[in-house]
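Since the structure comes first, as structure tokens, the remarks are kept for the end.
Each reported figure results from applying straightforward, stated rules to the coordinates on display, with no laboratory input. Since this is a predicted model, take the numbers as computed values, not measurements. In this analysis, Cβ positions are derived from the backbone assuming ideal geometry, glycine residues included, and neighbour counts consider all displayed protein chains.
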Amino acid sequence: MWESILPRSIYRKSMFHVLGPVFSSITEDMLLIDDMAAEETLQLQGLIHLALKNLSSLFLSLVERDDDGKFLDHDTWVQLDENVPSLKKFRKLAELLDMSLKSITAAWESGELVNCGFTSSEVRNFIKAIFADSPLRKECLGWIVMNPA
């Protein structure tokens, strides 16, 4: 509705300002869950994918495109991530929900999670929520504590 009324630049800026806090809040709430079973992680991942799919037409209306693309490609996500950093974190959370403990630790080590906006305490709490206590979990948590962003 607003896209046809507002000038394009105002519409885009307005939507970016609205979407940022929305994705930030949802991501923060998901990261506050202190215990998740494997089935719950897959359900949350499915919800994130469903939300992204249902918002795809909105996302496409917010990016500058040379073609009349009707799908979200890499360049589209790059533009969206630059304008709505919390969206990048939200999308990464979907990936984390299906990653192994070693993969999550490697993503932290490489700086990938920091680049998506995750803090060391968020990553540590997330690991505690989805992985059972084990020597490997303790090792990975210790490594993250010793190597903060």
Relative to the first principal axis of the alpha-carbon coordinates of the chain, what is the inclination of helix 85-96, with its axis defined by its Cα atoms, in degrees from 0 to 90 and to the nearest 10?
50 degrees
Calculated [θ] (222 nm, deg cm²/dmol) that DSSP helices of n ≥ 4 give over the chain, each run adding -39,500 (n - 2.57):
-22500 deg cm²/dmol
Once Lys and Arg get +1 and Asp and Glu get -1 on their Cβ, which of Ser56, Trp108, Phe118 lies farthest toward the positive end of the dipole of the chain?
Phe118
Using alpha-carbon pairs under 8 Å, 6+ residues apart, how would you state the relative contact order of segment 2-146 in percent?
31 percent
Sparse-neighbourhood loop hits (chymotrypsin sites (Phe, Trp or Tyr not before Pro), segment 57-149; DSSP loop; Cβ within 10 Å at most 13 others) -> Phe71
GNM on the chain, Cα springs under 10 Å; top mean-square fluctuation among Pro85, Pro21, Pro135 goes to Pro135
Given [x] 28.1, 114; [y] 20.6, 74; [z] 17.2, 58 as possible values of Rg and Dmax of the Cα atoms in Å, the one from the coordinates is [z]
